[in-house]
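The values are calculated or read from the model by the stated rules, or taken from the named source; none is laboratory data. Just so it is clear, the model here is predicted, and its values are computed rather than measured. Cβ: placed from backbone, ideal geometry, glycine included. Neighbour counts: every protein chain shown. Please note that ligands, DNA and RNA were not included when accessible areas were found on the heavy atoms of the full protein model with its side chains. Shrake-Rupley method; radii C 1.70, N 1.55, O 1.52, S 1.80 Å.
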Amino acid sequence: ASGEPGVRISFCMIVYNEARTLRANLDHLYPHAHQIIICEGAIELLRHQLDIGPRSTDETVQILAEYPDPEGKLVIIQRDWGTKDEMSAAYARRATGDLVWHVDADEFYDDDVFDLVRAEFRDEAALHTLETPHLIFWKSPACVLVDSAGNERWCHVPRVLRAAPGMSVTHIPVRRVIDGRREETNRRLPRDPRIVCWH
């Protein structure tokens, strides 16, 4: 189910050559989504550095074109992108959910995390940005980055934003832009430590 009214999630994803995990991630997100917005393509710097075209060169575009979307949740935006900030701003303009959740194509969450995140925003009106920790993989899912003591290293990054009228979004860091100004966050972890994803 895509959640109770008032806490609809627009999942937003920037993709280029993500065929390895894209279909599985769409399957993972679809039941929880009000909307899934995909900005597909290579940014200008990458196109110039690698002398490539604007579209993915693996099966990413085909996966998006053929993905079943019985509830009309999928929005695909393709163009010649300048920067990832431009892509983030584009998905923010199209988002109609109450939450805008930036998801990389290789990030997967526990199924109950989506309701936990909704509850955080429902119960705390002042909350505008939520951090979700995720593991850092090193080159492949078989290798998790660890610190000098051998402990898994967690990456804490803002991922979920409360939608606001006229809001835009920057890519790194993922932040709301309100009235032309990037909104800073007070670092805050969710109350429930199970809000995690794997990257």
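Here are some notes:
- Residues considered: PRO70, PRO54. Of these, the only one that is of a type outside the set (A, V, I, L, M) and surrounded by fewer than 14 Cβ atoms within 10 Å (Cβ to Cβ) is PRO70.
- CYS39 in contact with a Ser or Thr (Cβ under 9 Å, 6 or more places away or on another chain) and either in contact (Cβ under 8 Å) with a residue 60 or more places away in the chain or part of a helix (DSSP H, G or I) (or both): no
- Among the residues listed as GLU120, GLU131, the single one being open to solvent by less than 40 Å² (accessible area, probe 1.4 Å) and outside any helix (DSSP H, G or I): GLU131
- Residue within the range 83-100 that is open to solvent by less than 10 Å² (accessible area, probe 1.4 Å), among the polar types (S, T, N, Q) and modelled with pLDDT of 65 or more present: yes
- Remark: pairs (first residue in the range 58-77, more than 14 Å from ARG23 (Cα to Cα) and at pLDDT 95 or above; second residue outside any loop (DSSP other than H, G, I, E, B) and open to solvent by 90 Å² or more (accessible area, probe 1.4 Å); Cβ separation under 8 Å; 6+ apart in sequence or on different chains) = VAL75/ARG94; ILE77/ARG94.
- Within the range 8-20, residues that are in contact (Cβ under 8 Å) with a residue 60 or more places away in the chain and part of a loop (DSSP other than H, G, I, E, B) reach partners that are open to solvent by 10 Å² or more (accessible area, probe 1.4 Å) and of a type in the set (S, T, N, Q) with beta carbons closer than 7 Å, at six or more positions or on different chains, in the pairs ARG8/SER2.
- For the range 153-173, the criterion of being touching a helix residue (DSSP H, G or I) at 6+ places or on another chain (Cβ under 7 Å), in a strand (DSSP E or B) and at pLDDT below 85 is met by no residue.
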